[in-house]
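Right, one structure below, let's go through it.
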Amino acid sequence: MIPALLAEATPSFAWKKKLGNWRTEVFAGFVGAILVIPQGITYAYLAGLQPEYGLYCAIFVTLFTSLLGGSSMMSGPNTAVAILIGTAVLPLAGRGSPVYIDFVFILCMMVGLIQLLFWILRGSRIFQYLSPAAISGISAGAGFLIIMASLDSILNLSTFTTTFFYEKLYIIISDARDLISPYSLFIGLCTIFGGFLGKRYSHRYYIIIAVCSGYIAGLLVSFIWPQPVTELEYLGRMPLQWLPVHLPAINIEYLMTSIRLIPYAFTIAFIGLAQSLVIVRELKMETDQEIDLDKEVYAQGMANFLAPFFSSFVGSGSFNRSKANRSLGASTPLSGIVTAGFVLLLITFLGPILTFMPMAAMAGTLFIVGVDMIKWSDIKHYSLVRSELVIYLATFVGIIFFGLATGIVIAVLLSVSVFLLRISQLELKVEKQESGTLLKVKGALFYASVAHLTEKFQSHFGEDLTVDLQFTTHIDQSAVDFFIRESRNMASQGATLSLLVNDKQRQFLEDLGLSPNIKLVSLAEGVSLQPA
């Protein structure tokens, strides 16, 4: 156990052997940096922090996750996580104050420690039960949320809060003349049109084409109309240190107050890991990357624990950036490492140019990524199996109405429920033999499936019955208790119960203490064995 944990905790560069064209990874990292800069600024605001903290998250959480992990997942600032940080800390201190920042960093360390505990306990196993339909539903739901979030900057809307997405759409449509900025809309549409046109002719460079289209459109608008008229929102200037080392303030007073943050820390830790593991599960299924889920859990937990020491807040896997990264051909952690470096370089050396990047152009790019995450063919594909379609639709609907966290919980519960339902179904076949009735059992015999045997035993009550267990994958105590009970009932009618087992099953059943009324028949020897 300990050697395995040490191996997972040690940075592995085995992915270098599968590194194809390094230029592809570098280019994907450059695009990822362009995408994450406005997100880092926006999510820092949601978390109640200054913009530079979001950029530090984009740099250091992305860097640590890529160095310690083994997948091409893009980590960093995240919407749901940022909102939860603000919700948790705001009651304890004034927004953006030094005390507020101290509590944010303490919360981040708590989240990192919880995720590391999750890693030690091998908690990633629960996400292995997520069905492909659930993963597709989560991806589609996240894409829809990204589209809705991008409308704020595309339309240059003033910040307002709505409970459901259709309320937002209703407000926009009903009051479009007063709410929507035609200048911002023009830039957003140019970005979207340029992206989709670029995707048609150059799948690799379409995001760059989209950003450039929006930037040029923004320059054109600003050249014709002055800023007081357009009221456009730009990326603006961002101060950034190359190595923002920070020692979080921890004292007795802070620790006593931080007890109130524990429930939020568990929530953020679970939601962050859930999103990250859904992304790497999809990468593992649809690419040839050799991904260890436990190592990814460690990478995310350690990155979040170290984040406060570099003036950063908690991050997690990003659906849109990971999707864009994959669409550009990246398949190793190198793209994430490069992204961290490019964020620092872009802000440092291209700051004056990026200062005039319209937020509508950035939002238009995210709109394209969100649309690309919704695969319309999935509904047709999963409609062939009713249970898969239910999981997909329930997950998607849960996300768009109640948020990403609720949708992920729905996906996990439904996937596990369907899994348990399927393994509890036994395949039973009855054959008549000269010595009596032979019942072949295929599946797992445990507390949820034993009931399926009751009807068969009742229909052959009073007959000698042999149960073939050679295709049984698992037998638990409740199954043994069932056989003991039924053997006594059959003995009262002068009938016998025999179990056809292999040597391993025979030893297991004998150790549990079978009734003398049960005969064990060895598959290896083909002879009857009476239990001691």
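Looking only at region 3-56, which residues are part of a loop (DSSP other than H, G, I, E, B), under 23 Å from the mean Cα position of the chain (by Cα) and in contact (Cβ under 8 Å) with a residue 60 or more places away in the chain?
12, 47
Just one of 40, 69 is at pLDDT below 90, within 17 Å of residue 344 (Cα to Cα) and surrounded by 24 or more Cβ atoms within 10 Å (Cβ to Cβ); which is it?
40
Need a quick list: helices (runs of 4 or more DSSP H) entirely within region 73-182 having at least 2 residues that are of a type in the set (S, T, N, Q) and more than 23 Å from residue 314 (Cβ to Cβ).
Fully inside region 73-182 and qualifying: 132-154.
Determine which single condition residue 434 fails, assuming it passes every other condition in (1) closer than 16 Å to residue 484 by Cα; (2) surrounded by fewer than 17 Cβ atoms within 10 Å (Cβ to Cβ).
Residue 434 satisfies all of (1) closer than 16 Å to residue 484 by Cα; (2) surrounded by fewer than 17 Cβ atoms within 10 Å (Cβ to Cβ) except (1).
Every residue, every condition in (1) among the aliphatic types (A, V, I, L, M); (2) closer than 28 Å to residue 311 by Cβ; (3) touching a Leu at 6+ places or on another chain (Cβ under 9 Å); (4) modelled with pLDDT of 85 or more, yes or no:
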residue: 102; (1), (2), (3), (4): no, yes, no, yes
residue: 107; (1), (2), (3), (4): yes, yes, yes, yes
residue: 110; (1), (2), (3), (4): yes, yes, yes, yes
residue: 118; (1), (2), (3), (4): no, yes, yes, yes
residue: 127; (1), (2), (3), (4): no, no, yes, no
residue: 131; (1), (2), (3), (4): no, no, yes, no
residue: 139; (1), (2), (3), (4): no, no, no, no
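Can you tell me which residue in region 477-494 is farthest from residue 418 (Cα to Cα), limited to those that are polar (S, T, N, Q) and part of a helix (DSSP H, G or I)?
Once the filter is applied, the top-ranked residue is 489.
Restricting to region 183-211, what's the tally of residues that are within 31 Å of the chain's Cα centre (by Cα), surrounded by 14 or more Cβ atoms within 10 Å (Cβ to Cβ) and in a helix (DSSP H, G or I)?
Qualifying residue count, region 183-211: 17.
In region 139-157, which residue that is of a type in the set (Gly, Ala, Ser) and closer than 19 Å to residue 186 by Cβ is surrounded by the fewest Cβ atoms within 10 Å (Cβ to Cβ)?
Restricting to residues being of a type in the set (Gly, Ala, Ser) and closer than 19 Å to residue 186 by Cβ, the top hit is 153.
Looking only at region 240-273, how many residues end up being in a helix (DSSP H, G or I), of a type outside the set (A, V, I, L, M) and either within 30 Å of the chain's Cα centre (by Cα) or loosely packed, with under 14 Cβ neighbours inside 10 Å (or both)?
Final tally of qualifying residues: 9.
Check residue 332 against each of (1) assigned to a helix (DSSP H, G or I); (2) of a type outside the set (A, V, I, L, M); (3) touching a residue at least 60 places away in the same chain (Cβ under 8 Å) and name the one condition it does not meet.
Failing condition for residue 332: (1).
Going through 338, 371, 343 one at a time, which residue ends up being modelled with pLDDT of 85 or more, in the same structural domain as residue 53 (by TED's automatic domain parsing) and surrounded by fewer than 19 Cβ atoms within 10 Å (Cβ to Cβ)?
When all the criteria are applied, what remains is 371.
When you look at residue 486, is it among the acidic types (Asp, Glu) and out of contact with any Leu (no Cβ under 8 Å at 6 or more places or on another chain), yes or no?
So residue 486 fails the test.
Out of 479, 491, 448, I need the residue that is of a type in the set (A, V, I, L, M), surrounded by fewer than 19 Cβ atoms within 10 Å (Cβ to Cβ) and within 42 Å of the chain's Cα centre (by Cα). Which one?
448
Look at region 311-343 and say how many of its residues are among the hydrophobic types (A, V, I, L, M, F, W, C) and touching a Pro at 6+ places or on another chain (Cβ under 6 Å).
Result for region 311-343: 0.
Filter region 396-428 down to the residues that are hydroxyl-bearing (Ser, Thr, Tyr) and at pLDDT 85 or above, then identify the one that is surrounded by the most Cβ atoms within 10 Å (Cβ to Cβ).
Among those residues, the one meeting the criterion is 415.
For residues that are in contact with a helix residue (DSSP H, G or I) (Cβ under 9 Å, 6 or more places away or on another chain) and at pLDDT 80 or above, tally how many sit in region 496-517.
Result for region 496-517: 4.
The values are calculated or read from the model by the stated rules, or taken from the named source; none is laboratory data. This one's a predicted model, so the numbers in the text were calculated from it and none came from an experiment. Don't worry about glycine lacking a Cβ; one is built from the backbone with ideal geometry, like all the others, and counts go over all protein chains shown.
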